[in-house]
1. Just to confirm a number: summing +1 for Lys and Arg and -1 for Asp and Glu over residues other than R166 whose beta-carbon lies under 13 angstrom from that of R166, what do you get?
2. For the ranges 267-276, 254-263, 121-130, what's the packing order if you count other beta-carbon atoms within 10 Å of each residue, average per peptide, and put the highest first?
3. Where does the range 42-171 land on Rg/Rh, using Cα atoms and the Kirkwood Rh?
4. Could you tell me what fraction of 2.2 N^0.38 Å the Cα radius of gyration of the range 222-335 comes to, as a two-decimal ratio?
5. Placing +1 at every Lys and Arg Cβ and -1 at every Asp and Glu Cβ, with all other atoms neutral, what dipole size does the range 271-376 have around its Cα centre, in debye to the nearest 20?
6. Classify the range 210-288 as rounded, prolate or oblate from the Cα gyration tensor: take a ≥ b ≥ c as the square roots of its eigenvalues, call it rounded if a/c is under 1.5, otherwise prolate when a/b beats b/c and oblate if not.
7. Using R₀ = 51 Å, calculate the FRET efficiency as 1/(1 + (r/R₀)^6) where r is the Cβ-Cβ separation of S304 and N167; round to 0.05.
8. In the structure displayed, which of K184/K245; K98/K147; K157/K184; K231/K340 lie more than 32 Å apart, Cα to Cα?
Amino acid sequence: MFFLYEVVLLLILILFFLSYSKLKVDNKIKSLQHQNIIINNLIDTVDDGFYIWDSKKRIEKFSPNLLILLNTVFYSFNEFVNFFEQSESLIKNFTEAKKINKSFTLDLKSKDGEVYCICHGRSIIDDSNSVIGVLLWIRNISDYKIKANALELENNKLTQEIENYRNIFNSLPFPILKYDENKKAEFCNLFYDKYIHSSQRLAVASRAYSAKSGKHVITYKNERKVFDFIKIPIRNSDGTVMYGKDVSDAEGLRAELDSHLATQKNLLEELPIAIAIYSKNQKLKFYNNAFVKTFQFDTKFLASYPTYHEVMLYLFESKKLLKQEDFHIISTQGHELFKKLFGPHNDTIHLTNGQAFRTLTIPYASEGLLFSYEECKR
């Protein structure tokens, strides 16, 4: 009887244990199912897609989002990888991930169309570090990539344009230099870099701080050249461009003209007849000794660069001209000559001492006039 009681008690304990174990298993299953639901919902909220290969069950799975992202349906891994131009690289990395624990990242592009993706692949391992599967996580970056490609094309175009402009500047036979708002050189063309030496560069650079431009002499292809550096502010910028204007020919002509003028003045200085030269604004710019002696001028007065009218007034007030009417006529006629004289003009003036002078007026050096006074013989 006691034995039977023990058997019944043992059976009750076994049943209780089995019921408790089943309850724990059911709860575990429900917990796993709940976690699976949460994970699936989290995955569904992500815009990315994935592919999983399960080595134990020998199955593969494409996430719904992956098919939506790529806008196609795949029935096998081969169909999936053949969708991309980089199929060989994807197969190679996937095959290695099935054998050893590894991760990889690939940029993918569809063979047909403009679909760009980033693929993050990795092996799935268990607690013993054995590979039990492979996960490929796919992110569609087509919008970003298309915009990036467009920007890259635009950047290449602008880079080429800049290079073209640089080549143009480098082909110019005169120096160009660009300064920023801090007076630091940002750009110089090949001519400046090759022919402007260090000492000259300091002189040129100082012009960036000066309100005036300046001339500099350089040797260009064994030839002496004179460049006048001119500053131009860049519109809507604090930068400044300086370029050297070739004034070699003008400087040569100016030097030649100055030489001729010096020769002429030396010649005029030695002439026994009175000579006076006025600029286009009617100011006295040259006179010879005969002019001073003939009319007994005060040299301090002549050194003040008086006008033609002031010279005539000086002669009148010093009682050297004959009449007041003559002074007005001579002064007025002289004033008119500066406006319209294109050839020689002859006239006569009379002094109070009875002397008479034949005057010859001719155009001289850029709209000025030369007056010669030769005494008339009785």
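The values are calculated or read from the model by the stated rules, or taken from the named source; none is laboratory data. Keep in mind that this is a model prediction, so the values were computed, not measured. Cβ coordinates were reconstructed from backbone atoms using ideal geometry, including for glycine residues, and neighbour counts include every protein chain displayed. Accessible surface areas use protein heavy atoms only, side chains included; no ligands, DNA or RNA. Shrake-Rupley method; radii C 1.70, N 1.55, O 1.52, S 1.80 Å.
1. -3
2. 267-276, 121-130, 254-263
3. 1.18
4. So the range 222-335 has a normalised radius of gyration of 1.66.
5. That gives a dipole near 220 debye.
6. It is oblate, given that a/c is not under 1.5 and a/b is not larger than b/c.
7. The pair S304/N167 has a calculated efficiency of 0.35.
8. In this structure, K98/K147; K231/K340 exceed 32 Å between Cα atoms.
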